1. Kindly evaluate His79 against the criterion of being within 18 Å of the chain's Cα centre (by Cα), closer than 16 Å to Gly313 by Cα and at pLDDT below 90.
2. Looking at Asp10, Asp43, which is the one that is at pLDDT 90 or above and out of contact with any helix residue (DSSP H, G or I) (no Cβ under 8 Å at 6 or more places or on another chain)?
3. Please go through the stretch 161-187 and give me each residue that is farther than 20 Å from Tyr248 by Cα, open to solvent by less than 70 Å² (accessible area, probe 1.4 Å) and either outside any strand (DSSP E or B) or modelled with pLDDT under 80 (or both), ordered by number.
4. Given Arg271, Arg223, Arg235, Arg205, which one is modelled with pLDDT of 90 or more, over 20 Å from the mean Cα position of the chain (by Cα) and within 30 Å of Asp67 (Cβ to Cβ)?
5. Scan (1) buried (at least 18 other Cβ atoms within 10 Å of the Cβ); (2) more than 17 Å from Ala117 (Cβ to Cβ); (3) not polar (S, T, N, Q) for the single condition Ala72 breaks and write down its number.
6. May I ask you to list the residues in the stretch 247-271 that are farther than 14 Å from Asp150 by Cβ, in a strand (DSSP E or B) and of a type outside the set (S, T, N, Q)?
7. How many of the residues in the stretch 204-219 are over 20 Å from Gln142 (Cα atoms) and loosely packed, with under 14 Cβ neighbours inside 10 Å?
8. Give all pairs with beta carbons closer than 7 Å in which a residue from the stretch 304-321 that is over 10 Å from Arg274 (Cα atoms) and in contact (Cβ under 8 Å) with a residue 40 or more places away in the chain meets a residue that is open to solvent by 10 Å² or more (accessible area, probe 1.4 Å) and of a type in the set (Lys, Arg); count only pairs at least 6 apart in sequence or on separate chains.
Amino acid sequence: MAADYTGLLDELRALRKGRGIFSAEITQRIGPTLRELCHIQADDQVPEVREKLLRHLGDVAAFLPADLRVAASAAVALHPAARHQFLTGRISWLAQRIGRDERTVRRRMDDGIAQLAEVAARCLSAPSPRPENDQSDFYVEQFSAVLILDRGAPEALERRTIVAERDDLDQIVVALSLPTVPAAKDRDRDLAAEVLYGGTLLRRRRPVGSRFEFVLTLPKPLRAGERHEYAMRYRVPDGQAMREHYVYTSPRRCDLFDLRVRFGLVDPPGRIWRVEEAFHRDLDEEVPAGDGLAPDKAGELHVVFRDLLPGFGYGVQWTMP
């Protein structure tokens with residue numbers, strides 16, 4: 001454990017130099033402990049090495065506290081918005097993002113790298129609990145969602161294409177949160193869900209008040225590398241208010257998230273903005289932080305996100321007039 005931690009810490013500190021993960025000499029920049037953590041083989045080429053680093057370090061970073069997660073991700077250029085040519089550029093970016101001086105940012109990056117090494121060392125020494133099923137089971141190749149808001153109770157149609165990362169994958173867990181609306185915080189939350197195709201709903205769980213988990217049995221066990229598509233429908237019960245955002249936060253790799261929101265032509269939102277790489281607390285602020293958006297003539301909105309960073313939120317948020 002100690003040797004793993006020390007080795008990982010040294011290697012992660014070295015990885016901060018230059019372009020970080022996007023260094024042209026990445027195969028020479030990583031040591032044996034990072035190679036073991038990220039399952040990098042001796043004959044892996046640069047694109048495959050980089051993809052494995054992004055995926056596995058992103059999975060580990062998802063376990064860190066929000067502030068340290070973004071600091072560690074920025075330090076090694078894991079964060080999509082912090083892929084500057086030099087570490088100094090990433091430090092300046094983070095200083096501006098969190099409103100702190102660069103000396104504070106350097107300390108926070110050091111703390112983030114240290115905790116990233118600590119969690120990664122535990123992953124090497126023993127299997128760690130995963131936030132949503134075992135993240136080595138599969139990744140999401142494409143997630144398409146349609147949120148319908150102009151037909152009474154809010155309804156979402158979600159379709160995912162997953163790729164198995166081990167043999168005999170026969171069950172998956174689909175999880176989502178339905179946060180409480182402040183004006184109705186004392187009322188119980190509920191959510192209707194059904195599988196449209198691609199699986200059978202085995203059981204429904206509710207670990208905490210706002211979180212719902214649905215265990216799906218697949219039609220047949222998947223082999224490693226095999227794709228599978230399934231779709232689900234969710235409906236908020238009549239009379240139950242919904243928070244003014246639809247955001248996808250995945251603990252695992254997701255290559256593409258395609259979202260359509262139908263607001264309709266009656267009572268459109270006052271403001272709509274794009275949510276990208278957001279922490280959960282950012283959504284509570286209800287302050288526009290991303291690009292402003294406008295529905296089309298049918299009252300619909302379409303946004304696309306690629307290469308989502310695990311643990312960060314992507315989608316849209318709005319306020320009513």
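1. Against the criterion (within 18 Å of the chain's Cα centre (by Cα), closer than 16 Å to Gly313 by Cα and at pLDDT below 90), His79 qualifies.
2. None of the other options fit; the residue is Asp10.
3. Answer for the stretch 161-187, where residues must be farther than 20 Å from Tyr248 by Cα, open to solvent by less than 70 Å² (accessible area, probe 1.4 Å) and either outside any strand (DSSP E or B) or modelled with pLDDT under 80 (or both): Glu165, Ala184.
4. Arg271
5. The failed condition is (2).
6. Val247, Tyr248, Cys254, Asp255, Leu256, Phe257, Asp258, Leu259, Arg271
7. Total satisfying the criteria: 6.
8. That search, which allows pairs on different chains as well, returns Pro310/Arg253; Gly311/Arg69; Thr319/Arg271.
The values are calculated or read from the model by the stated rules, or taken from the named source; none is laboratory data. The shown structure was predicted, so the numbers you read here are calculated from the model rather than taken from an experiment. Positions of Cβ are generated from backbone atoms using ideal geometry, with glycine treated the same way; all protein chains shown enter the neighbour counts. These accessible areas exclude ligands, DNA and RNA; they are computed on the full protein's heavy atoms, side chains included. Shrake-Rupley method; radii C 1.70, N 1.55, O 1.52, S 1.80 Å.
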